[in-house]
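The structure appears right after this line, and notes come after that.
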Amino acid sequence: RGHGLQPNLITYSTIIKGYCQRGDIAAGFATLGELRKHKELKADEVVFNTLLDGCAQAGLAADAERLLEEMQAEGVAPSAFTLTVLVKLNGQVRRLDRAFELFEDLTQRHWFRPNTHVYSALVQACLTSHEVARAAATCDRAFGERVQVDQRICQSLVRALLAAGQHVRAVSMLRVMLGLNGQQPMATPPNERGGNPVFDESFVREVTAVLVSAGGDAAPLAGKLQSDYKVAGHAGGGHHAWQGGDHQHASWQGNRGYGGGYGGGGYGRG
């Protein structure tokens, strides 16, 4: 300012992102307050999502809820990214019911379709709360809407079902994830820019080993799964090349912290 320069929206969002990346969420909120003092500037989705992302990294559920209310009150519509962050945060703090409430409320109120990242975060939230049946039902809903779910989260769900003795359910879901029912595989790779589009053979061997070990009615499931897997051309490296995926959120590529593996990295303008 001493040189006659005035901060713009990009300046403020960059400062907020910097504070959030170092965990100083209070300073991020203070910067948002400074931004609001400028009548010619208005916080946009990037600003709010950056700060929400920071709240999620710090586990500040109450602050995130307040910020969401302010975001909507100021006429800024939440997006699929916003919802992904909120679902992940509520999953971390074991507020699973709230995660589902936000899922239903925001998608209906703001008319957007939950994408791969939203559903993956919701399934992971269920697993974090040890709600395996709810995780499976959520996965079913995603698959019914032809939305893929992150590969690693799918693996965790299948393992959880097997551990619970739900062998038929586990195999049924795995078949859909692998695309063994004549449709596209519904498990998407953790890294959208590379990697196998479906589980590698070692995971299928892991599942079949568990089924054989369980014995009884589970053993025949192993043989059928392994046979169909080979017939489909998976074994030996012949993977299906599913290139579709869910690119509804493509405009946020490179800008989000919860893409793919749902790790840190922050949200911003680039």
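Throughout, read-outs are computed from the coordinates displayed, never taken from laboratory work. Fair warning: this is a prediction, and the values are worked out from it, not measured in the lab. So basically every Cβ, Gly included, is an ideal-geometry build from the backbone, and we count neighbours across all protein chains shown.
Tabulated values for the structure
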item	result
For region 99-116, Karplus couplings with θ = phi - 60° (6.51, -1.76, 1.60), whole Hz, Gly/Pro x	4, 5, 4, 5, 4, 5, 5, 6, 5, 7, 5, 10, 6, 10, 8, x, 9, 4
Other-chain or far-sequence residues with amide H under 5 Å of Asp150's (modelled H)	Ser120, Thr188
Environment charge at Arg98 (Cβ cut-off 13 Å; Lys +1, Arg +1, Asp -1, Glu -1)	-2
